[in-house]
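Here's the structure, in C-alpha cells; my notes come after.
The values are calculated or read from the model by the stated rules, or taken from the named source; none is laboratory data. Quantities reported herein were computed from a predicted structural model and do not represent experimental measurements. Positions of Cβ are generated from backbone atoms using ideal geometry, with glycine treated the same way; all protein chains shown enter the neighbour counts. We work out accessible area using only protein heavy atoms, side chains counted, and drop any ligands, DNA or RNA first. Shrake-Rupley method; radii C 1.70, N 1.55, O 1.52, S 1.80 Å.
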Amino acid sequence: MTDLREVNSLKKIEEELANKSIFYFDKDNSHKELKEMIEHFEDKGFSVYMREVKYGLDENEYIYEVHIIA
C-alpha cells in the first residue's frame, strides 16, 4: 500500500506507472490527500478512477483503489 504522507510519494507513483496502473491506499490517507493526488495526475493528462473497497463487515474496514491510466 502507498502512503501519500510520505515525502516524494507522487514521484514514486509516477515511476511505478510504467509497470502498473492500480494502486491501493489504506484509510489512513485522507480523502483530501487522495483528491489532490487525483488532480495532480489529471493535470498531467492521465485518467484517474477511485473507489472504496470494503473488505469486512465493519464500516471502517475499507481501502481505496485508484486506477491511473495514460
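Take the residues of the range 16-34 that are among the acidic types (Asp, Glu) and part of a helix (DSSP H, G or I): which is most open to solvent (accessible area, probe 1.4 Å)?
Taking the range 16-34 and keeping what is among the acidic types (Asp, Glu), we get 16, 26, 28, 33.
Still in the list and also part of a helix (DSSP H, G or I): 16, 33.
On the way: GLU16: 70, GLU33: 50 Å².
Out of the qualifying residues, it is GLU16.
Quick check on the range 35-61: of everything there that is among the aromatic types (Phe, Trp, Tyr) and assigned to a loop (DSSP other than H, G, I, E, B), which residue is surrounded by the fewest Cβ atoms within 10 Å (Cβ to Cβ)? My answer is TYR55. Of all positions in the range 1-14, none carries a residue that is assigned to a strand (DSSP E or B), touching a residue at least 12 places away in the same chain (Cβ under 8 Å), surrounded by 15 or more Cβ atoms within 10 Å (Cβ to Cβ) and in contact with a strand residue (DSSP E or B) (Cβ under 6 Å, 6 or more places away or on another chain).
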